[in-house]
Every structure is written in structure tokens, then in C-alpha cells.
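Everything below concerns the one structure shown next.
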Amino acid sequence: MIRKIFRYILKIVLWFFALSIFSVLLFRFVPVPYTPLMFIRVGEQMADGKAPTLKHKWVPMENISTNLQKAVITSEDGHFLKHNGFDFDAIEKAMKNNQKGKKIKGGSTISQQTAKNVFLWPGRSYIRKGFEAYFTLLIETFWSKERILEVYLNSIEMGDGIYGAQAAAQHWYGKDAKNLTANEAAGIAVILPNPRRYKASNSGPYISKRKQTITRYVKSYGPLNFEEEKETRKKKK
């Protein structure tokens, strides 16, 4: 009996590893059509008696303004091009804050957020964080930084029922993602921590002030050099 249970558990574990690696390899090349969060939000909208809203359109990286790429890096993960998926300084700060407030939050990199949004469900449990770390390691191994950012910008929640750069640009500013200005990109980036509460346009004083700060960061950032990042990775290998 014990052997049967062990074999059953072993099969589940092996299938999990096989399917997870396969899905990561698949999305290295194929656009991510939907994420678990999108369906969860639709369910929440229907439970609240609202009409289900899901606006999402995948666009390649060349059709996403570099202003938005820089805006999310400067606001969400300043060391994105340098770390291997985890910003341990940020994690340490978050852990200290969590010890005081007894909450699990903060410290997530763009890579971690991508892993969570594409492969997992929202939540703050240690189990989900463990799966998040696993998928973060996988995408950092099999995807380039440019691909991680591309998937992130196409999948992240950017408003109530709004997902990805193209849908967000059209919703908030009535234009395509490739035409976003530095200030408009900053407006989208600044609401990412709570996209259903804040507005990227016609914002209140707090968001407007943060938007100005991110706009300055975007304009002073300099060129994004993914080729240099690729060469650095090759040398490390």
C-alpha cells in the first residue's frame, strides 16, 4: 500500500516537472493567450453582478514603446537586467517589513511577477511563493531577459479587465502601445501595484506625483541593451 502511494506521488511529481518545463519552453516562442488571473477576474466580476470584461491583445516587443519598457523597469525592478530572477536586497527589506507587519509582500522582481502571472494564481501563501520561485528559475534559464519583459508587458494587469500594453494604451490613452510617450508610459507603470484602484490618466495627486518621478527616470535611463545582457549571460556560462 505504501509503495503504491509512493509511486502515485512520484508520477504526479514527474508529470508536474515535465508539464511545467514543456509550458515554459512553449511560451519561449508562442504568445501567451490568457493567464489564470484573467479568468479569476472574470469570475469575480460575474460574482459581483458586473458584465465580464477582458481586454487583451498580444503585440511583439517592437510594437511596445521603449518608454513603457523603461518605465516598468525603473518603477518595478531597477536591477532587472542584472539579477538572475531574484533581488535579494529587496527580498531582505521586504522580510524585515513583513516581520513588523506580519504580512507576506514586496520584493518581487519582474521575473517573479511574470512567473506568477503566467503560470500561477494570485495569493501570498508560502506554498504559492515556492512555486513562484520554481517557475522564476525556469524562465530565467530558458528565456532571455527581453522575452521575460515581453511576456510581462503583454500579460500584466493594467486596469480593471485590462491586460497587457496594447489594451492598456488603447484604454487609457486611445493609442497603440508603440506610440506611448514617457509620461503616458509612466502613468501605466505607476498603477501596476494596484491597477484596479488607480487610474493611469486623469490621476489624483499621489499618482500624478509618482508619474512625474517615473517620467524623469525614463528620460534619463539611456538605451536598453538586451544584446549586452545576452553576451553577459554567455560569459557567465
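Just to verify a result, which residue in the range 170-212, among those that are among the hydrophobic types (A, V, I, L, M, F, W, C) and in a loop (DSSP other than H, G, I, E, B), is nearest to GLN113 (Cα to Cα)?
Ranking the candidates gives LEU192 first.
Among the numbered conditions (1) more than 18 Å from the chain's Cα centre (by Cα); (2) assigned to a helix (DSSP H, G or I); (3) within 15 Å of GLY164 (Cβ to Cβ), tell me where ILE5 comes up short.
It fails just one condition, (3).
Tell me, which residue of the range 81-117 that is of a type in the set (A, V, I, L, M, F, W, C) and modelled with pLDDT of 95 or more is surrounded by the fewest Cβ atoms within 10 Å (Cβ to Cβ)?
Looking at residues that are of a type in the set (A, V, I, L, M, F, W, C) and modelled with pLDDT of 95 or more, I get ILE110.
Given the structure, is LYS211 touching a residue at least 12 places away in the same chain (Cβ under 8 Å) and over 14 Å from the mean Cα position of the chain (by Cα)?
yes
Considering only residues that are among the aromatic types (Phe, Trp, Tyr) and more than 30 Å from THR213 (Cα to Cα), look in the range 20-76 and name the one that is most open to solvent (accessible area, probe 1.4 Å).
PHE29
Quick test for you: out of ALA133, ALA167, pick the one residue that is surrounded by fewer than 22 Cβ atoms within 10 Å (Cβ to Cβ), in a helix (DSSP H, G or I), more than 15 Å from the chain's Cα centre (by Cα) and small (Gly, Ala, Ser).
Values: ALA133 fails: more than 15 Å from the chain's Cα centre (by Cα).
Of ALA133, ALA167, the one residue that is surrounded by fewer than 22 Cβ atoms within 10 Å (Cβ to Cβ), in a helix (DSSP H, G or I), more than 15 Å from the chain's Cα centre (by Cα) and small (Gly, Ala, Ser) is ALA167.
Check GLY174, GLY159, GLY222 and return the single one that is at pLDDT below 90 and on the phi > 0 side of the Ramachandran plot.
On the way: GLY174 fails: at pLDDT below 90; GLY159 fails: at pLDDT below 90.
GLY222 is the lone residue from the list that is at pLDDT below 90 and on the phi > 0 side of the Ramachandran plot.
The values are calculated or read from the model by the stated rules, or taken from the named source; none is laboratory data. Owing to the predicted nature of the structure, the values given are computational and were not obtained by experimental measurement. Glycine gets a Cβ as well: all are built from the backbone with ideal geometry, and neighbour counts include every protein chain shown. Ligands, DNA and RNA are excluded from the accessible area calculation, which covers all protein heavy atoms including side chains. Shrake-Rupley method; radii C 1.70, N 1.55, O 1.52, S 1.80 Å.
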